[in-house]
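To start, the structure itself, in structure tokens.
Just so it is clear, none of the values below were taken in a lab; they were calculated from the coordinates. Here the structure is a predicted model, which means the values were calculated and not measured. Reconstructed Cβ throughout: ideal geometry from the backbone, glycine too, with neighbour counts over all protein chains shown.
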Amino acid sequence: MSAADAKPQTINLEDLPLPQLHKIKTQLEEEMDSLTTAFSHMKQAQATFRECTNCIDALTPDSQDKTILVPLTSSLYVPGKLSNIDSVVVDIGTGYYVEKPKADAVKYYNSKMEYVQGNAKTIQDTIEQKQASYRGLLEIMQFKITQQQQGTSGGAEKASASK
């Protein structure tokens, strides 16, 4: 039987001992933290793409020949003039830049926003599933802890009653 033919096993969490449940709880917490970080990054990327489209939309005929500050670093600027408002240079990733007409650049950023939105939705759905699993796990753990406490106190009562 190959790995592709193997069927996933389901394990009843109620049958697992408390230490194993603690390990599963820790794993779920780590997965939710990782997914939450990824979701946050998706939202930041989406905001960046939205800001790019807003900046492109701000390039109007009135912007032609206006003096602007051109960033050289995050805190160093030089004055410059807008000489061409009909096209923009788009960072397409990994150090590559492409000059595009404004309309094409807006389409590019809108498609990036849609792609990121789809991934963010998938991550959000996964987070919600993990949270539901986490809540169920906590209920099972609380039940087991309560059972252990009752078993321990019940054993002590039996011991004192037999004296």
Contour minus end-to-end for D86 and E30, with contour as 0.36 nm per residue of separation and end-to-end as the Cα-Cα distance? 15.4 nm
Expressed as a whole-number percentage, the relative contact order of the chain with C-alpha contacts under 8 angstrom and at least six residues apart is 29 percent
Return the single residue from I145, I68, I123 with maximal mean-square fluctuation; model: Gaussian network over the chain, springs between Cα atoms under 10 Å. I68
In a solvent-free Debye calculation with one equal scatterer on each Cα, what is log10 I(q)/I(0) for the chain at q = 0.09 Å⁻¹, listed in the order of the q values? -0.60
At 222 nm, what value in deg cm²/dmol follows for the chain if DSSP H runs of at least 4 each add -39500 (n - 2.57) and the sum is divided by all its residues, to the nearest 500? -23000 deg cm²/dmol
Note on the range 32-120: alpha-carbon gyration tensor, axes a ≥ b ≥ c; rule is a/c under 1.5 for rounded, else prolate if a/b larger than b/c, else oblate; result prolate
For M113, net neighbour charge (Lys/Arg +1, Asp/Glu -1) across residues whose Cβ lies under 13 Å away: +3
Please give the net charge around Q64, taking every other residue with its beta carbon less than 14 angstrom from that of Q64, where Lys and Arg add +1 and Asp and Glu add -1. 0
